[in-house]
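Since the structure comes first, as structure tokens, the remarks are kept for the end.
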Amino acid sequence: MDSSQDLCCMHLLSSNEGRFIAFTDSSWTRYTEFASKWNVFPCKERDVADEALDRLSLTMEGINTCPRPMPSAELMPGYHRQCYNRFCDIQKVRRQEKAASKKEASREDVHHDWLTHPPIAGGLKQRN
């Protein structure tokens, strides 16, 4: 397996420092849980998960029921500890959820304002 390429499925840091760890059943389960959480947000974590799943020929649909990918002669799926800690940080997910709900509430407020105060027909007149 020495010729296989390490694939950090949660690679969020620019450096490759630290030991690379192959997935166990429990770390794969945790990865899939967080990949599903990140999938609903337009963020770096979602992009990283999508890229890794693509390299593993997997999709987000049904990922929670996929068995752990096994190392092959070409690819060793796993993670760096620091990347795992950042990717599987529930506080980061909660902050992202909170930001998304604030954004949605703001969007609803704008929509409500438009319904109660529609724009003036004909728009603004030009100054002479």
**Extended-chain gain in nm, criterion 0.36 nm per residue less alpha-carbon gap, residue 72 and residue 20** = 17.2 nm
**Request:** Along Cα→Cβ, 7 Å out, is where each label goes; now give me the distance between the ones at residue 5 and residue 101 in nm to one decimal.
**Result:** 4.1 nm
**Prompt:** How large is the dipole of the range 1-56 about the Cα centre if only Lys and Arg carry +1 and Asp and Glu carry -1, each at its Cβ, rounded to the nearest 20 debye?
**Reply:** 180 debye
**Message:** Can you compute the radius of gyration and Dmax for the range 1-55, using only the Cα atoms, both in Å?
**Reply:** 11.9, 36
**Message:** Quick check: residue separation of residue 61 and residue 39 times 0.36 nm, minus the Cα distance between them. What number comes out in nm?
**Reply:** 6.9 nm
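None of the figures in this text is laboratory data; all of them are computed from the coordinates on show. Every value quoted in this text rests on a predicted model; they were computed, and no experiment measured them. Glycine gets a Cβ as well: all are built from the backbone with ideal geometry, and neighbour counts include every protein chain shown.
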